Every structure is written in structure tokens, then in C-alpha cells.
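Report on one structure; see the data block that follows.
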Amino acid sequence: MTDRLMFDVASSLTDRDRQILRLIRWHRVLTTSQVQMMFFSDRNTAQHRMARLYQLRLVERFRPPHAGREAEYHYVLDRLGAYVVAVMAVPDLDREVKVRWRTDQALSIATSQRLAHMVGANDLFVRLVAAARHAPYAGLVTWWGERYCKANLGDVVRPDGVGVWREGDATVTFCLEYDRGTEPLGRISAKADDYLRLERARGIAFWLLVVVPGPRRERGVRAALAGSGLAIATTTRSAAQRPETAIWAPLDAEGTRLRLGELAGWPRPAESVARVAEAARLRANEPTAAAG
């Protein structure tokens, strides 16, 4: 890292750049299209800006193997970008910041079998952020990525993401299961038990949103999850390109598709309501530490 490079970063980095770096840090990998949807009005501008961040050694990039020369770039943090994100989290400008970061490890996702899964799961949240850019009454107020979910919920369940979507007066908390059709339906059914434990442990009235490759898989998943007692809604991957719209089919309502915000007012299974209420009662009866 030269003095010239540090000067170029300090003089050219914008607040938008910092937000892009922060999201890449938390969600591991983002594509050019995803960055564009969240931050730019056209693809050309997004490509040029990401190329600049690459030149400044803030991000590293790759095209997925076997995807061809025309595949879009995927971005991970480079070491200097990791420093920038770390500094953003420290309000004391005089405090020394230490970062343990290896770009080669960040790039290992390029050859991982989980790349398509991670990009696909991230994409639903990206599209919600993009939708909120054009809807001042709506917003994705929480986005936990796969890593954060593992760190905070991994002892109970490991969703592909957790989000809170607010639309007007409606608020929907949801866990995401992004199904690529590679797991047997029995495995998906078994995950329902983990989500039951999460509901009991946290007492949060969440929806389990399941995105599947197509209609046939959706029918199979709905049958496998029937009777789970969870608030579940399904959709297909193509429909999930507009996740805020009326694409979500509650498990107990065949033929009904709701907007994401409308799930807030849809009746939850009685078993789910009872679990949430019991968790709230137990928390209320927990002994509190004596003052003083």
C-alpha cells in the first residue's frame, strides 16, 4: 500500500462507496447487477464505479468459473476495503484499528458450490432494498445475512437470511429458506422442527419464506411442510424477482398470493400464536436482577 494509493482512497471515497463496502463485508459477495439495483440508476455507472473501487484495491472481483467471459463480475472485499469498513464501526478516530483479513479466503467463494446459493439468497434482500428506493412508504429495516444468522441463531437454526420489511403500518419479520431443488424434501421438512425451536426460544412471530426453483418443486415443498404449525409462505425463483409484490402463497391458502406486507395481517396458525404467547409469558416471569 503506497502513500499515493491511500491518498487516492481518502480523496475519492464517497458515502455510497462506504455503504457498498459495508454490504459486501456483511454479505460476503455481491454482483454488479445487485450493486446497481441498490445504489445506481443505470448499469454503466455501476460498472464504472465498481471498476474504480477495484483499482483502489478496496474490492476484489471474479467471474464464476465455467460461466463464460460474458458473466458479470462478482465482488468481495479486498484488504483495504476491510480496513475501511472496520474504521466505519469505530467512532474514536484516534483508536488503533486492527483487521484480520485474507483476500484469498474471501475469494474462495468463487469456486465454492455455495456461490449460486449465496448469490440467490442475497438477491431477494437486494431486490427489497431496490424496491424501497422507489417506494418511500416501504423499507427493508433489517437484513441479516447467512453469516450473521449462523453466528446468532446457529445453535437453533440456520436460515439463509432474516429480514424485517416495513410497508406503511405493516411490519413483517421473516426467515428465508432459499431452495435450489438439490435437497430431498425430507430435509426441508426436518428444518421445520428447527424453526419451531426458534419460535419457542425467541418468541418472535416470524414468517418462514421459502423460495423454490419452479411450480413443481413448490407443490412438493408445500406438501412436505403441511401441518408444521408454522407461518409459511412460498414462491418461485422467477416470481421472487419482485419479492415485495403479490407472489407469496401462505401454506394454508391454496390459490392465494399476497404482497409481502400483507402477510402481517394474514392469520397465523393457532399453534404458532400459542408458542409465541407462551414464550412471552415465560420471559415476563423471568426473575430480574436486583437493583443496586
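Observations on the model:
- Counting 0.36 nm for each residue step from Thr245 to Ala170 and taking away their Cα separation leaves a gain of 25.6 nm.
- Hull volume per residue, based on the alpha-carbon atoms of the chain and their convex hull, is 177 Å³.
- Each principal axis of the Cα atoms in segment 85-237 has its own extent, and those three values, largest first, are 57, 42, 33 angstrom.
- Extension gain (nm, one decimal) between Arg43 and Glu271, 0.36 nm per residue minus Cα-Cα: 77.4 nm
- Normalised by the number of residues in segment 170-263, the mean separation of alpha-carbon contacts (under 8 Å, six or more apart) gives a relative contact order of 28 percent.
- Under 5 Å, built H, 5+ apart or other chain: amide partners of Thr31: Tyr75
- In a simple Cβ point-charge model (Lys, Arg +1; Asp, Glu -1; nothing else charged), segment 27-79 has a dipole of about 160 debye relative to its Cα centre.
- Listed residues Leu196, Ile232, Pro159: farthest to the positive end of the dipole of the chain (Cβ charges): Pro159
- Segment 1-38 residues near the modelled Arg79 label - backbone nitrogen below 11 Å, point 7 Å along Cα→Cβ: 1-2
- Amide H contacts for Trp248 (H built 1.01 Å from N in the peptide plane; partners 5 or more residues away or on another chain; cut-off under 5 Å): Leu258.
- Among 116-124, 77-85, 8-16, the order from most to least packed when residues are scored by Cβ within 10 Å on average: 77-85, 116-124, 8-16
- Between amide H atoms placed 1.01 Å from N, distances below 5 Å from Thr236 occur with Val212, all of them 5 or more places distant or on a separate chain.
- Helices assigned as whole DSSP H runs in the chain whose Cα atoms extend at least 20 Å along their own long axis and whose mean Kyte-Doolittle hydropathy is 0.5 or higher are found at 115-133.
- Loop-located GluC sites (Glu not before Pro) in segment 1-79, at most 14 other Cβ atoms within 10 Å (DSSP): Glu70
- The mean sequence distance of close C-alpha pairs (under 8 Å, at least 6 residues apart), as a share of the length of the chain, puts its relative contact order at 12 percent.
- Counting beta carbons within 10 Å around each of Asp104, Asp160 and listing the fewest first gives the order Asp104, Asp160.
- For segment 3-111, the extents of the C-alpha atoms along the principal axes are 46, 30, 25 Å, listed from largest to smallest.
- Taking label positions 7 Å along the Cα-Cβ direction at both Asn285 and Asn152, the computed distance is 2.8 nm, reported to one decimal.
- About the Cα centre, charge dipole magnitude for the chain (Lys/Arg +1, Asp/Glu -1 at Cβ), debye: 500
- Using a Förster distance of 25 Å, the FRET efficiency for Arg197-Ser112 (Cβ separation, nearest 0.05): 0.35
Quick note: the coordinates plus some simple rules give every number you see, no bench work behind them. Note that the coordinates shown come from a computational prediction; the quantities given were computed from them, not determined experimentally. Because the Cβ atoms are built from the backbone with ideal geometry, glycine has one as well, and the counts that use them run over all protein chains shown.
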